Amino acid sequence: MSAIVYTYEELEDLVERNYVNPDIKTLRSAYEMARKAHEGEMRLTGHPFITHPVAVAYKLADMGLHLNVVMAGLLHDIVEDTDFEIEDLKKLFGDDIASLVYNVTKLKQSVKYRGVERYAENLQKMFLAMASDVRVVFMKFADRLHNLQTLYGQPKHKQERIARESLEIFAPIASRLGMSEFKGELEDQSFAYLQPKEYERMKTIMDIKVREKGAYVSRIIDETEKVLLHSSHKEVQVHGRVKRLYSLYKKMTKYHGDLSKIYDLIAIRIIVNDVEECYSVLGMLHQKWRPVPGRIKDYLAQPKPNGYQSLHTTVFTDNGEIVEFQIRTTEMHELAEYGVAAHWRYKQDGSLDNKNTRWIEELAQIQKELETKKDFLEQLEFMKIDVFNDRIFVFTPQGDVIDLPEGATPVDFAYAIHSEVGNKCVSARINDIMKNLDTVLNSGDIIEILTDKNRKGPNPDWMKFVKTRHARNKIKEATKNTVKGWFAEVLKGRERGKK
């Protein structure tokens, strides 16, 4: 294995191509400061240390993030590893860049614990960083990705620790932020070290399938372009997308190794100008090829919780082959690749124009609730489910959408609506059929919660199957109050008895 080594000249060339009137003079000053600060240092791969901050800055510039973030990427190791201090950076580059470097330095400081406590401390740090300035996390992702790309220089025990931490913390957070490019790269790089045999097996499968299907998919792309050429859709991009290796491994595990059930090994993406064109193109595809029943997904009308929007359809092509199409606008495509970071792309003032910040704002609330490491460890499993699990969309009978983690139950749904609905619920009707309260919900279910106003509170046994932190906390709170109330009644009875 070997990582691509970028020079400063390549970074500067990228910035000049990607940005409008970039401040190259200050960028060069940041590079010169980093080069002098790290002079003589070498990485375990044998490369000069400066290649690392240049690689981080290159990734951030390739994402089109504000130039301050790119320059902070060049300087991100200076305070931790050299004699320079934050005040030096403030004087030379201003408060914003100095603040970014300071925050990423705090994030990089080594943790004190091992095992689950180490995991919890790392997670807390990431949450704090995101709640204060999510740009710091973009820098950390770029830093971590290059460290994974050069992981071959580390001893085996460090390779495994860094790869596992990347797979269990960094990749899920990237996913929750909608950053599919980072998520995929972090997962695949980690997968190669944690399960090298499975990684090679997936790589072999993909190599064979790309060779087998590559020419055929190219033909379908050509046919698609011809269909669209005869319509009013002139500025349309059509290209193929190959499934990532770790994603393939998870699907193979889900389907017990049955490759025939995986339809999106190679998918075709169609990028159009607006939402109206998305639906128009979908109709054209269905006129040309017969859609596979149950495989049409409209993430335009119902975006995923991380903001992802696209139309997905799977069709039978002329010779019976099955092909998946993904149709989206240019803006949706950028959001799908870069997630929350897409809202900063090429903005000259570095401001955030983001309609999907709800989840980031929730992190600050989580931090307030979990003030001690003991609290954090107690809630860790539920937080992992709440924050990192795949999400499902379910509906109230009135058509309101409720977003829950995969594996959620009617009780989680009830508490998502209102704490009193949760406390008083007695049964659930799912798609017009009465079901137990521990039934696992699926995307698209319509749920009606039946309540009993005389019910004193929730059943403590619900704690065994609820999946959300919110439901768990509300059940604990309500059952605690019920016990207090019962105890107070007992004491009152004793007092009356004495009289």
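When you look at Met202, is it in contact with a strand residue (DSSP E or B) (Cβ under 8 Å, 6 or more places away or on another chain) and at pLDDT 90 or above, yes or no? Spelling it out, it is not the case that Met202 is in contact with a strand residue (DSSP E or B) (Cβ under 8 Å, 6 or more places away or on another chain) and at pLDDT 90 or above.
Filtering the stretch 210-223 for residues that are modelled with pLDDT of 90 or more, in contact with a His (Cβ under 9 Å, 6 or more places away or on another chain) and not assigned by TED's automatic domain parsing to the domain that holds Leu148 leaves a non-empty set. When we screen Val56, Val70 for residues that are under 30 Å from Tyr199 (Cα atoms), among the aliphatic types (A, V, I, L, M), at pLDDT 95 or above and part of a helix (DSSP H, G or I), the only hit is Val56. Going by the structure shown, is Ile205 surrounded by fewer than 21 Cβ atoms within 10 Å (Cβ to Cβ), under 26 Å from Phe316 (Cβ atoms) and either assigned by TED's automatic domain parsing to the domain that holds Arg161 or out of contact with any helix residue (DSSP H, G or I) (no Cβ under 8 Å at 6 or more places or on another chain) (or both)? So Ile205 does not fit the description; no.
Being under 23 Å from Ala215 (Cα atoms) and in contact (Cβ under 8 Å) with a residue 40 or more places away in the chain is a description that applies to Ile266.
Counting only residues that are within 15 Å of Thr224 (Cα to Cα) and touching a helix residue (DSSP H, G or I) at 6+ places or on another chain (Cβ under 9 Å), how many does the stretch 290-310 have? Residues meeting the conditions: 1.
Across the stretch 405-454, the qualifying residues are those that are of a type in the set (Asp, Glu) and part of a helix (DSSP H, G or I), and the one among them that is surrounded by the most Cβ atoms within 10 Å (Cβ to Cβ) is Asp412. Looking at the stretch 248-262, is at least one residue assigned to a strand (DSSP E or B) and either under 30 Å from Arg211 (Cβ atoms) or among the aromatic types (Phe, Trp, Tyr) (or both)? The answer is no; no qualifying residue exists.
Scan the stretch 174-185 and tell me whether some residue there is outside any helix (DSSP H, G or I) and closer than 14 Å to Ser247 by Cα. No: zero hits. The residue that is modelled with the lowest pLDDT, counting only those in the stretch 1-42 that are buried (at least 17 other Cβ atoms within 10 Å of the Cβ) and in a loop (DSSP other than H, G, I, E, B), is Ala3.
Scan the stretch 304-320 for residues that are surrounded by fewer than 18 Cβ atoms within 10 Å (Cβ to Cβ) and either modelled with pLDDT of 90 or more or not charged (D, E, K, R) (or both) and the total you get is 7. Yes or no: Arg244 at pLDDT 90 or above, of a type outside the set (Gly, Ala, Ser) and at negative phi? Against the criterion (at pLDDT 90 or above, of a type outside the set (Gly, Ala, Ser) and at negative phi), Arg244 qualifies.
Listed conditions (1) at pLDDT 95 or above; (2) on the phi > 0 side of the Ramachandran plot are all met by Ser190, apart from (2).
If you go through the stretch 297-331 and pick out every residue that is over 27 Å from Ala215 (Cβ atoms), of a type outside the set (Phe, Trp, Tyr), touching a Leu at 6+ places or on another chain (Cβ under 8 Å) and not in a strand (DSSP E or B), you end up with 4.
Residues that are outside any helix (DSSP H, G or I), modelled with pLDDT of 90 or more and surrounded by fewer than 21 Cβ atoms within 10 Å (Cβ to Cβ) within the stretch 76-106 comprise just one, Gly94.
Looking at (1) modelled with pLDDT of 90 or more; (2) within 29 Å of Val340 (Cβ to Cβ), which is the one condition that is false for Gln159? Of everything listed in (1) modelled with pLDDT of 90 or more; (2) within 29 Å of Val340 (Cβ to Cβ), Gln159 misses just condition (2). Within the stretch 346-366, is even one residue among the polar types (S, T, N, Q), surrounded by fewer than 17 Cβ atoms within 10 Å (Cβ to Cβ) and at pLDDT 85 or above? For the stretch 346-366, residues among the polar types (S, T, N, Q), surrounded by fewer than 17 Cβ atoms within 10 Å (Cβ to Cβ) and at pLDDT 85 or above: absent.
The values are calculated or read from the model by the stated rules, or taken from the named source; none is laboratory data. Quantities reported herein were computed from a predicted structural model and do not represent experimental measurements. Counting neighbours? That spans all protein chains shown, and the Cβs are built from the backbone with ideal geometry, glycine included.
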